[in-house]
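What follows is calculated from the coordinates using simple rules that are stated; it is not laboratory data. For clarity, every value in this text was computed on a predicted model and none was experimentally measured. Don't worry about glycine lacking a Cβ; one is built from the backbone with ideal geometry, like all the others, and counts go over all protein chains shown.
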Amino acid sequence: MNSPVWHPFTQHGLGEPIPLVTRTEGAALHTRDGRRVIDAISSWWVTTHGHSHPRIMAAIADEAGRMDQIIFAGWTHEPAETLARGLVAMVPSTLAHVFFSDSGSTSVEVALKMALGFWLNRGEPRGRILVLEHSYHGDTIGAMSVGARGVFNRAYAPLLFDVGTVPFPAAGGEQATLDALEAACREAPAAFIVEPLVLGAGGMLIYPAWVLAEMRAICARHGVLFIADEVMTAWGRTGTLLACEQAGVVPDILCLSKGLTGGAIPLAVTMATSEIFDAHLSPDRARMFFHSSSYTANPIACAAANANLAIWRDEPVLERVADLARRQAERLDRLARQPNIHHPRAIGTIIAVEVGGGGGSYLSDMGPRLLASFRRRDVLLRPLGNTVYVMPPYCIDDSDLDQVYAAIAEAD
Ligand SMILES: *Cc1c(COP(=O)(O)O)cnc(C)c1O
């Protein structure tokens, strides 16, 4: 196919087929050539309840009949007001302020800017950010700067700012992580940003809740702002609405996107404490928060998110999540008995394994081979190197799950 489209994270030189999707429903993508493909990675981690959820799609259509886009600097609208109130009611009460943007990466940029604005406005300028090894926080320059360095950002290294990296809390190495964080916090950094409980793009690396709790406590002790990037982990992915809940952790700044609209339409928020909001509050215009993007708090996107929040309020989402976790655990157990499957792990609705020899990098030969093998079986999985993970929409049924696990078991 001769298309002018330049796709993300796609090597067009390999000539791999790019299926054309014409319809989405539940856990499936339907292609123009008549295939039904199981979306075992929730279309890159965004789809929570299922594709084309009727309540969310209806909310989008309904709002589109009233409003398109309006400026959000100095203006407001009901969908955003309702959403902000709904979010504040859903998360720990200290996160009392909601700043809108339009992607996970932007919500991270906003979080970093809020942290630096906080310190400057308090008259103690601080600029250093601490991060966890193997992290991923997005693909814009600032978000890349606070993420792991590798082949995917090598060309842009000259633009990335320096950060303090704390080792990943691998099993047995947790104390080293905590000690490194404690030492780094003594040098008065502005903030520490983390993916709570599981590092997604870093390879579905899971670490215990008590480590998250300890990291939060260390930051609190040293007055270092704690930023939770829950762009992937929120909305039930890890078994609870927020992953932070499992550690009893309340961050100073919280980033949400992906499942915020159930995965239907782009939207993000950065939530902050009153301490951070108040640091920007002043009759002095030079102290305001200097950030906006054109589509901040798009009303149609906010309406989709309001429908998502209504689903969370009205329907037993966490029961579905628990049920999916149980159904995946049974299948993971069986899969893990295969000799070529290593390091099985699970959290909430996410499972991951290493396939084959292990230790492969993101660009290992395994990736494309596995991808082709899954494609032949009408299963959408996208390995991270040798790491194969399953992160399906919560509505996936048993027969689809069986097909996904068979595709992994038979991968060649
Ligand atoms: C996906 C992701 C992002 C970036 O979100 P985009 O909407 O793709 O910009 C940031 N942080 C984490 C943890 C993510 O998984």
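Some points to look at:
- Estimated [θ] at 222 nm from DSSP helical runs (n ≥ 4, -39500 (n - 2.57)) normalised by residues in the chain, nearest 500: -10500 deg cm²/dmol
- Beta bridge orientation in the chain: antiparallel %, DSSP, nearest 5: 65 percent
- Signed unit charges on C-beta, dipole axis of the stretch 221-293, positive-most listed residue F290, P251, I227: F290
- Taking the chain as a Gaussian network of alpha-carbon nodes connected by springs under 10 Å, the highest mean-square fluctuation of the residues S293, S399, S257 belongs to S399.
- Within a Gaussian network of the chain (alpha carbon springs, distance under 10 Å), most fluctuating of E174, E16, E315: E16
- Among M232, M204, M271, residue whose mean-square fluctuation peaks in a GNM of the chain (springs only between Cα atoms under 10 Å): M204
- Cα gyration tensor category, rounded, prolate or oblate, for the stretch 267-384 with a/c compared to 1.5: prolate
- The trypsin sites (Lys or Arg not before Pro) of the stretch 313-412 meeting both criteria, a DSSP state outside H, G, I, E and B (loop) and at most 14 other C-beta atoms within 10 angstrom of the site's C-beta, are R337.
- Short-range pairs are left out: with C-alpha atoms under 8 Å and at least six residues apart, the relative contact order of the stretch 257-341 is 30 percent.
- Fewest-first sequence of M57, M215 by Cβ atoms within 10 Å of each Cβ: M57, M215
- In order through the stretch 273-281: 3J(HN,Hα) via Karplus (6.51 cos²θ - 1.76 cosθ + 1.60), integer Hz, x for Gly, Pro: 6, 5, 4, 6, 4, 5, 5, 9, 8
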